[in-house]
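Before any comments, here is the structure.
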Amino acid sequence: LGSFLCLWALRLPAGTGAAARGLDVGSYRERVRAMFYHAYEHYLESAFPYDELRPLTCDGQDTWGSFSLTLIDALDTLLILGNVSEFQRVVSVLQEGVDFDIDVNASVFETNIRVVGGLLSAHLLSKKAGVEVEVGWPCSGPLLRMAEEAARKLLPAFQTPTGMPYGTVNLLHGVNPGETPVTCTAGIGTFIVEFATLSHLTGDPVFEDVARKALKALWKNRSDIGLVGNHIDVITAKWVAQDAGIGAGVDSYFEYLVKGAILLQDKELMSMFLEYNKAIKNYTKFDDWYLWVQMYKGTVSMPVFQSLEAYWPGLQSLIGDVDNAMRTFLNYYTVWKQFGGLPEFYNIPQGYTVDKREGYPLRPELIESAMYLYRATRDPTLLELGRDAVESIEKISKVDCGFATIKDLRDHRLDNRMESFFLAETVKYLYLLFDPDNFIHNDGSVFDVVITPYGECVLNAGGYVFNTEAHPIDPAALHCCRKRKEEQWEVEDLMREFYSLKKNKKFILKRASDNGEGESAKDPEDASSEKGEEKRNSKKRSHSLLSCPSQSFNSKLAVLGQVFLDNT
C-alpha cells in the first residue's frame, strides 16, 4: 500500500492544472471564506446558543442535544481560515456555556463525531491558535476535559452483551429502559479515531477499549461472503437490515478502519478493511458504481447511488488506489452536473432521482473526495468540482440569514435548516481545496516542539487525520502523553537527526558560497554530536526517518508520518 501521509504531502509544481484551465483559485478561496462568514455570523446573531440556524426564519433550534453544536463544529474551521481571535473567543464561550450534565437523549454517534471530535481537534490546535495553554498540554487542558466529560456520558451505551453500543443515550440517566437495541453499522464502528485519541491523551484506556470491542464485534458478525449489513441488534447480534453497501448506515465504519489504522499504526484494522474492500469490489461494484446487495447472497437489492457514498473515492486515495478513485469520482461528478448538487438517492439505471429522496442538505462528501484526490493528483477536474459547488450553493442555497438545505434539486425548493456540518465540513473542504498552502497541508518541513511531563513532543508536522465530521486530529499528539521511555528516545533521536540534516545543509551551502564550490562538507561539531548520539539505547536505524517510502511500520513517530508497505 502507498503511504497516506506521503500521498497527502505530495507536492507538484505550483499552478499545475489550475492555470491550464484558467481557474482563479485565489478568487474562489475568498468566495468560500465569504460563504463561511455569511453563515457563521448569522448563526451567532440569530441562532446561538441553539444547536443550528434556521435560515429561512432567522432563528435557531436544538437538534442533537443542546450543545451550541454549530459553534463547536465550526471552531477548527475558524483556525483553518486564519481567524485566531475568534477561535480564542469561542474557546472561552464554550468553557463557560456548555454543560453535558443535562436530561437530554442524545445520539451516541453524532455526539461523538461532532462534539467529542470537535473539542479534541480544537484542543490540539489551541496552541497554534495562540490560546494560552496550561502546563502539561496537550496531555491536559479545558477542552480536553470537556471532550472527556462528553465521551464518558456515552460510555453507558457500550454496556451490552456484544460490546456494540445503543444508538441513543440519556446524558443524565444513561440508556433508557425502553431504548431500541437496533443500531446502524456506522453507529457502532465510528468511535476509534476520537476514543483512541482520548485514551492516548488522558491515559485512560477505557475509551479505546470499548471502540475496539465494537469494531471487532462487527467484524465477527460479517457474512460468509465478507459483507456487513445496515442495522444490527446490539443485544443478540442478529442483522435486522441486511442490505450491504458503502453508503448511509455503513459508510464511516469503513472510513474509521482506514483512518484508525493510519492514526494508530494498526495493521489489524487495515487488514480488516482490505478484506472488506475485496468483498465490496466482488459483490457491489459495477462499472465504477457501487450498488446495494443482500449481505448473505450478494444479489442486488437497490441499484442506487446515495450522496453519502461520495466519500469513497477520498477513502480509496488514502490507501493509494487513486485510479479507481478517480473513475468513481467522475461518475459521481456527472450526477452533480446534472442537478447542481447530489440528491440523497440517485437511481443509476434510470439516471434520475428517487422519489422523496431528491434533496441536497449541503453535504460535503463529494467535495471531501475532491480535496483528497487533488492533493494526490493535481487534476484540474477536481478544482472544477469545487468551482461548481461554490456556484451552485451560492445560487441555489444562499438566503439572507445563511445557507438553506435544498429540499428538492429538481425545482430548487429550500428547507428551513442549516446543518452544523455545513461549516464543519463542506466549507472547510472547499477552502482546503482552494488553499494549497494551508497549514493542514504541511508536508513535515515545519513543526513545533513542546515540552510535556513525558519529554519533548513534536506537533503540527502535518499528516492530520480528519474524523468523519472533518475535525483534524494531529497523529503525533497521540505520542505526547506516554511514559514509555523508549518512545521518548525515539522522538528525541528523530529531532536530532532532523536538526542535524538542517545544520549540515546550511554548513554545506556556506562552504560552497565561501569557496565557490559545490562540494559537500561536514561540520566537525555536528560530527562529534552525532557520534555521541549513537550511544543511545534505542536501535540504530539503517535508513533516514525523513524518507517516507522506506520507513518501517513499527516506527512510533516520524515527521513525515507513518507508512503502510506492501511487505509488512
Starting from the 7 Å offset along Cα-to-Cβ, what nm value, one decimal, do you get for the label separation of residue 271 and residue 92?
5.2 nm
How long is the gain from residue 155 to residue 399 if the chain were fully straight, where each residue apart is worth 0.36 nm and the alpha carbon distance is subtracted?
83.8 nm
Size of charge dipole - the range 74-187 - debye, nearest 20, with Cβ of Lys, Arg +1 and Asp, Glu -1, no other charges
280 debye
Computed P(r) (all Cα pairs; the range 274-402; 5 Å bins; percent):
2, 10, 20, 22, 19, 15, 7, 3, 1, 0, 0
Ignoring any ligand, DNA or RNA, what whole percent of the accessible area of the range 220-305 comes from carbon and sulfur when the probe is 1.4 angstrom?
48 percent
Using +1 on the beta carbon of Lys and Arg, -1 on that of Asp and Glu, and nothing else charged, what's the dipole of the range 341-400 about the Cα centre, debye to 20?
100 debye
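How much accessible area per residue does the range 113-163 have, counting only protein heavy atoms and a probe of 1.4 Å, in square angstrom?
Result: 33 Å² per residue.
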With just the Cα atoms of the range 149-302, tell me how far they stretch along each of the three principal axes, in Å, largest first.
47, 38, 22
Could you give the semi-axes, largest first, of the ellipsoid that matches the range 380-421, computed as the square roots of 5 times the alpha carbon gyration tensor eigenvalues and rounded to whole Å?
21, 12, 9
Extension gain from residue 456 to residue 413, taking 0.36 nm per residue of separation minus the Cα-Cα distance
10.0 nm
Could you run the Debye sum over the Cα atoms of the range 66-195, one equal point scatterer each and no solvent, and tell me log10 of I(q)/I(0) at q = 0.09, 0.16, 0.17, 0.20 Å⁻¹, two decimals?
-0.27, -0.79, -0.87, -1.10
Between residue 84 and residue 321, what FRET efficiency follows from the Cβ-Cβ distance if R0 is 30 Å, with the result rounded to 0.05?
0.20
Each label point is 7 Å from the Cα along the Cα-to-Cβ direction; what then is the distance between the points at residue 103 and residue 41, in nm?
4.1 nm
Label point distance in nm, residue 58-residue 135, each placed 7 Å from Cα along Cα→Cβ:
5.1 nm
Would you please put 404-412, 347-355 in order of how densely packed they are, using the mean number of other Cβ atoms within 10 angstrom per residue and starting with the highest?
404-412, 347-355
Solvent accessible area, Å² - residue 172, 1.4 Å probe, full protein context:
80 Å²
For the range 246-371, size of Cβ-based charge dipole, Lys and Arg +1, Asp and Glu -1, in debye:
180 debye
Which value, in nm² and rounded to one decimal, describes the direction-averaged projected area of the C-alpha convex hull of the range 245-338?
6.0 nm²
Remind me, what semi-axes does the range 188-277 give for its equivalent ellipsoid, largest first in whole Å, using sqrt of 5 times each Cα gyration tensor eigenvalue?
23, 15, 11
What is the percent carbon and sulfur in the accessible area of the range 81-206, measuring with a 1.4 Å probe over the protein chains and ignoring ligands?
50 percent
Determine, for each peptide in 92-98, 473-479, 185-191, 158-164, the mean count of other beta carbons within 10 angstrom over its residues, then list the peptides with the highest first.
185-191, 473-479, 158-164, 92-98
Report, in cubic angstrom per residue, the convex hull volume of the C-alpha atoms of the range 77-138.
102 Å³
Skip the ligands, DNA and RNA, and give the accessible area per residue of the range 209-250 with a 1.4 Å probe, whole Å².
41 Å²
When Rg is the radius of gyration of the Cα atoms in the range 348-490 and Rh is its Kirkwood radius, what does Rg/Rh come to?
1.12
Where the Cα pairs of the range 380-455 fall when distances are cut into 5 Å bins, in %:
3, 12, 17, 18, 14, 10, 7, 6, 5, 5, 2, 1
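The values are calculated or read from the model by the stated rules, or taken from the named source; none is laboratory data. All of these numbers come straight from a predicted model, not from anything done at the bench. Neighbour counts are summed over all protein chains in view; Cβ atoms, including those assigned to glycine, are modelled from backbone coordinates with ideal geometry. Quick note on the areas: whole protein, heavy atoms, side chains included, nothing else; ligands and nucleic acids left out. Shrake-Rupley method; radii C 1.70, N 1.55, O 1.52, S 1.80 Å.
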